[in-house]
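The values are calculated or read from the model by the stated rules, or taken from the named source; none is laboratory data. On a predicted model such as this, the values are computed, not experimentally measured, just so you know. Cβ sites come from the backbone with ideal geometry, for glycine too, and all protein chains shown count toward neighbours.
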Amino acid sequence: MAEPSAKLDELLLDDCHVRYALGLLKELHGDFELRVKAIQQSFSSRTRFLPTIGRSDELAAHEAARAELARVVSAQETMERLHPLIAEGLAGELDNYVRLASPAYLRGLAAIDNLTAWPALLERLHAKLDELLRALVEARNMAASGYDWQRGRLSPAANEAIDRALLVAHQLDEEVNLVNSRADRHQMEILDTPQAAALLPRMPVVGFQVRIERVRTLIIAEVQAEFNRITEMLALLEETGIAGLREATDRVAVVHRESSQAYLQTYLGQLRAHMDEHRLVPTETTARIHRLQAKYLGGVNFPFDLG
C-alpha cells in the first residue's frame, strides 16, 4: 500500500482519536445509565420501607450520577458535530490517495465519461427511430398507389419513398451499432476495476435496412404486411427498448457510484486499522480533541481526560 500524504496522515490520525473517544464515551454512557437506574431502584426500595434512612446519601449519589451522565451526553454531542467535519476533509484526501495508489480504481472512475455521453447517444437514436417511422408510413402509403398490377411492380414514387426509408434505416442501424460499440468499449474499460459491475446495456440488432430492402421483392399484399411488421417493431423498440436503456443507464450510474464508494471505504478501513494498531496513543487523545474543537468548532469544552 502506498504511503499517504502528510495531510491525509494527519486527518487519519484525527479520525482515529475521535473514533477512540466516541467509543470510550459510548462505554461511559452505558455505565452511567446503569448507575442511575441502579440508584433509582435502590432508592425506591429503601424509601418504601425506611423512608428516612439514607435518603440524603442516595439523593446525592443519584444527582452525581445524573450529572456525570449529562456530561457524557454533552461530550458525545460535541464529538458527533466534530466527526463529520473531519470526515469531510478525509473523504477528499482519501479519493486523491486512492487515485494514485490504485490505477484500476482510477481507470474505472474515468469510465464515468461514458455514462455522461450516453444520454446524448440515446437521444440521437430516438430521433432517428422517429424519423424512420415517418418514412415508413410514407412508403407504405405510396406502395398502394400507382402499383403496376400487371408486372407486379411498385411505382417509381413508391420506390423513391422506399429509398428515403432505406437511407434513414441505414442511419438508424449505424446509431444502434454506435450505442453497442460504446457499451462494449465501456465494458473493456472497466474490466478488472472496482466498478466492473457498472455495465452499460446493449441494443438488439434488428437490421432495419435489410428488412426494408426486402420489401421490393414482395407482392403488394405482402408489402403492406411487412411494412406493418417493421412499423410495429419500431414502435416496440421506441416504447420499451429506448425507455429500458434510459432506466438501465440510471441504474448503472448508481452501481458505478456505489462501487466506487465501497472501494474507497475498503481502503479507508485498511488505513484506519493501521492507525488504530500502530499510531493511536490514548494519552494524546484529549489534547488532540481540544485542538480539533478549537479548529473546527471555535472553542474547547471537552470535559474528560481520556488518557
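Listed here are the residues, each with its yes/no results for (1) of a type outside the set (S, T, N, Q); (2) within 23 Å of residue 96 (Cα to Cα); (3) touching a residue at least 60 places away in the same chain (Cβ under 8 Å).
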site: 180; (1), (2), (3): no, no, no
site: 195; (1), (2), (3): no, yes, yes
site: 199; (1), (2), (3): yes, no, no
site: 220; (1), (2), (3): yes, no, yes
site: 260; (1), (2), (3): no, yes, yes
site: 266; (1), (2), (3): no, yes, no
site: 271; (1), (2), (3): yes, yes, yes
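Evaluating residue 248 against the criteria (1) in contact (Cβ under 8 Å) with a residue 40 or more places away in the chain; (2) in contact with a helix residue (DSSP H, G or I) (Cβ under 7 Å, 6 or more places away or on another chain); (3) among the hydrophobic types (A, V, I, L, M, F, W, C) leaves one unmet condition, (2).
Is it the case, given these coordinates, that residue 88 is free of Cβ contacts under 8 Å to residues at least 60 places away in the same chain and either within 30 Å of residue 32 (Cα to Cα) or among the acidic types (Asp, Glu) (or both)? The answer is yes for residue 88. Can you list the helices (runs of 4 or more DSSP H) found entirely within segment 205-307 that contain at least 2 residues being over 32 Å from the mean Cα position of the chain (by Cα)? Those helices (runs of 4 or more DSSP H) span 208-214, 220-236, 285-292.
Here residue 258 fulfils each of the conditions (1) farther than 27 Å from residue 123 by Cα; (2) at pLDDT 95 or above apart from (1). A single entry from 159, 96 fulfils the requirement of being in a helix (DSSP H, G or I), touching a residue at least 40 places away in the same chain (Cβ under 8 Å), assigned by TED's automatic domain parsing to the domain that holds residue 15 and out of contact with any Phe, Trp or Tyr (no Cβ under 9 Å at 6 or more places or on another chain): 96. Taking the listed residues 237, 297, 292, the one that is under 30 Å from residue 15 (Cβ atoms) and surrounded by 18 or more Cβ atoms within 10 Å (Cβ to Cβ) is 292, with no other qualifying.
One residue stands out in segment 182-227 among those that are among the small types (Gly, Ala, Ser) and within 25 Å of residue 128 (Cα to Cα): the one that is surrounded by the most Cβ atoms within 10 Å (Cβ to Cβ), namely 183. One residue stands out in segment 172-204 among those that are within 20 Å of the chain's Cα centre (by Cα) and among the acidic types (Asp, Glu): the one that is nearest to residue 245 (Cα to Cα), namely 189.
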